[in-house]
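This report concerns only the one structure given below.
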Amino acid sequence: MRAIRVSEFGGLEVLKIQDVPDPKPGSGQLLVRVKAAGVNPVDTYIRSGIYARKPDLPYTPGTDAGGIVEAVGPNVKGFKAGDRVYTNGSVTGVCAEFAVCEESRVHHLPSKISFPQAAGLGVPYGTAYRALFQRGRAKPGETLLVHGASGGVGIACVQFGRLAGLTVIGTAGTDKGRALVSEEGAHHVVDHRAADHEKQVMAISEGRGVNLITEMLANVNLAKDLTMLGQGGRVVVIGNRGTIEINPRDAMAREAEILGLILWAATDAELAEIHAAVVAGLENGLLRPVVGHELPLAEAPRAHQRVMEAGAYGKIVLIP
C-alpha cells in the first residue's frame, strides 16, 4: 500500500510517500480501508519532534479517518467487513491506504456523513466535547465564546454549544470564516482581529462577561480572555504556541478558572462518552463536519503547512 512515512523528526520535508506492506489486524483490531484522513495541528507537533509524545521511528502520521472495514481480527464483536466507520486512533497511522485500529477507536458512521467529513471527527469533535463538557462544565443558558471558530475544533464547539443550549459567540479573522461561523449556528460573530473585539464581546454579554471560553491560541489571547469572563468564568486552553504574561488579579476578581486540556489524557470511559455523543449528533443532523480542503495523500507536506496557517476554514483532509 501507499503510505506517508516519517523516518526522522523535522520539517515538512520529512513527510515521504512510500510503498509499505499492507498491515494485518490482530486480536481485537480492525483493518480499515482509508477513504479520507484528517490532518490536525497536533500532527505537525509530533512530526517536528516537539510534542511530549514521540512515536517510534519510522511511523505513519494521523489518527482520524473515514473509511470502510476491510477485515476484522479475532474477538471483534461490533463490526464486520463492509461497515462504514470513522476512527479516533490508529495502531499503524491513517495517512495511508489501510490502517489497523483497535476496536474501541472505531465508530459506526451514519450514511449521511461523507468520508471526508468523517476524517474531521476524531480530534476536532473529541476536543470540543471534552473542552465544553468534561473540562469546562458547560450548562444550558450559559454564554460561550469560541476563539478561532472557523477551524475544525471551533466549528465543533459552535455546533456542540448550540446543541447544549448555550448562547454562542464565535470569532474568526476573515469574512469567509465569519460567514461560516454564522452558518454553523453561532448567535453572534466577532472579528478577533478588530482592536475593539473585547468590547464587542462585553456588549453582547450586556457587560456581564461570558461563562466559558474555548481558547485555541492562548499565547496571544489568554490575558484578554480573563478580562472578558464573568463571575466564576472558565477558560479552557485547547491550543498554545508560546508564553504570555497575564495579570492574576483578573482571575482573582472573577474567581475564574484556567483549565488545560489534552485529548490524550481522556480515559476510555470519557472517550466512550465523547463518541456516543458524536454519533448521536451525527445521526440527528446537529453535528455537521465542514471540510475546507481535500488534498491527495502525496500532498501531506502541503496539508501540514496549511493546517498551521491563519484564517482556518473547516477541516483539511488527505485522500489516498
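In units of the compact-protein estimate 2.2 N^0.38 Å, the range 142-261 shows a Cα radius of gyration of 0.96.
Can you work out the FRET efficiency for the pair Arg193 and Leu163, with r the C-beta to C-beta distance and R0 = 25 Å, to the nearest 0.05? Plugging the Cβ-Cβ distance into 1/(1 + (r/R0)^6) gives 0.35. Post the alpha-carbon centroid distance, the range 287-311 to the range 209-231, in whole angstrom. About 27 Å separates the Cα centre of the range 287-311 from the one of the range 209-231. Taking every protein chain into account, the accessible area of the range 161-248 amounts to 46 square angstrom per residue (probe 1.4 Å). Over all Cα atoms in the range 206-320, the spread is summed up by Rg and Dmax: 17.8, 52 Å. Per-residue surface analysis assigns Lys224 an accessible area of about 90 Å², computed on protein heavy atoms at 1.4 Å probe radius. The dipole here belongs to the range 197-320: it is taken about the Cα centre, uses +1 on the Cβ of Lys and Arg and -1 on the Cβ of Asp and Glu, and is about 340 debye. Taking amide H as placed 1.01 Å from N in the peptide plane, the amide H of Phe9 sits under 5 Å from none that are at least 5 places away or on another chain.
From the largest down, the range 1-134 spans 40, 39, 24 angstrom on the principal axes of its Cα atoms.
If R₀ is 45 angstrom, what is the calculated FRET efficiency for the pair Lys80 and Gln18, using the beta carbon separation as r and rounding to 0.05? If you can, show how the numbers build up before the last one.
Numbers: r = 30 Å, r/R0 = 0.68.
The pair Lys80/Gln18 has a calculated efficiency of 0.90.
With the highest mean first, a sort of the peptides 115-121, 61-67, 208-214 on other beta-carbon atoms found within 10 angstrom per residue produces 61-67, 115-121, 208-214.
A helix-only calculation puts the chain at -8000 deg cm²/dmol for mean residue ellipticity at 222 nm, using -39500 (n - 2.57) for each DSSP H run of at least four residues, averaged over all residues.
Placing a label point 7 Å from the Cα of Asn240 along the Cα-to-Cβ direction, the residues of the range 188-220 whose backbone N falls under 14 Å of that point are 215-220. A cut-off under 9 angstrom between Cβ atoms defines the neighbours of Gln231, and their net charge, with Lys, Arg +1 and Asp, Glu -1, is +1.
What a 1.4 Å probe finds exposed on the chain is 51% carbon and sulfur by accessible area, rounded to a whole percent. Cα centroids of the range 1-16 and the range 21-79: 15 Å apart. Comparing Ser111, Ser90, Ser182 in a Gaussian network model of the chain, where Cα atoms under 10 Å apart are tied by springs, the biggest mean-square fluctuation is seen for Ser111.
Applying the Karplus relation 6.51 cos²θ - 1.76 cosθ + 1.60 with θ = phi - 60° to the range 267-280 yields 3J(HN,Hα) values of 6, 4, 5, 5, 5, 4, 4, 4, 7, 5, 5, 4, 4, 4 Hz, where x marks Gly and Pro.
Average the reciprocal distances over every distinct pair of alpha-carbons in the range 83-162, invert the result, and give the Kirkwood radius in Å. With all distinct Cα pairs of the range 83-162 included, I get 13.9 Å. Here the 3J(HN,Hα) profile of the range 226-243, calculated from phi with Karplus coefficients 6.51, -1.76 and 1.60 at θ = phi - 60°, is 4, 7, 9, 7, x, 4, x, x, 10, 10, 9, 8, 9, x, 7, 10, x, 9 Hz, Gly and Pro shown as x. Computed from the Cα positions only, the extents of the chain along the three principal axes stand at 59, 40, 33 Å, in decreasing order. Under 5 Å from the amide H of Leu229 lie the amide H atoms of Val210, each residue being 5 or more positions distant or on a separate chain, with H modelled from the backbone and absent for Pro and chain starts. Here the 3J(HN,Hα) profile of the range 45-55, calculated from phi with Karplus coefficients 6.51, -1.76 and 1.60 at θ = phi - 60°, is 5, 4, 4, 6, x, 8, 7, 5, 9, 10, x Hz, Gly and Pro shown as x.
The values are calculated or read from the model by the stated rules, or taken from the named source; none is laboratory data. Computed from a predicted structure; not experimentally measured. Note: ideal-geometry Cβ built from the backbone for every residue, glycine included; neighbour counts use all protein chains shown. Quick note on the areas: whole protein, heavy atoms, side chains included, nothing else; ligands and nucleic acids left out. Shrake-Rupley method; radii C 1.70, N 1.55, O 1.52, S 1.80 Å.
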